[in-house]
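Since the structure comes first, as structure tokens, the remarks are kept for the end.
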């Protein structure tokens, strides 16, 4: 019985350790996704600025 209990405790410790590693991995994934969304937003704003600037340059060239 004592050996069985030690085995159970060892398995539980491994499960807790792996759960912690999975949580860390999910945290990294969530941080990366947040960074992706932020960059996409900044890129969209920059594209709008570039479009407006190009449109202004074309209009200046037409005058």
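Any read-out appearing in this document is the output of simple, stated calculations on the displayed coordinates, not a laboratory observation. Predicted model, so just to flag it, every value in this text is computed and none were measured.
May I ask for the angle, rounded to the nearest 10°, between helix 2-62 and the longest principal axis of the chain, with both axes built from Cα atoms and the value confined to 0 to 90°?
With rounding to tens, the tilt is 0 degrees.
How much length is gained on full extension from residue 13 to residue 47, taking 0.36 nm per residue of separation minus their Cα-Cα distance?
Value of the extension gain: 7.1 nm.
Quick one, can you get me the convex hull of the C-alpha atoms of the chain expressed as volume per residue in Å³? Let's see the in-between values first.
Numbers: hull volume 2.2 nm³, N = 63.
Value for the chain: 35 Å³ per residue.
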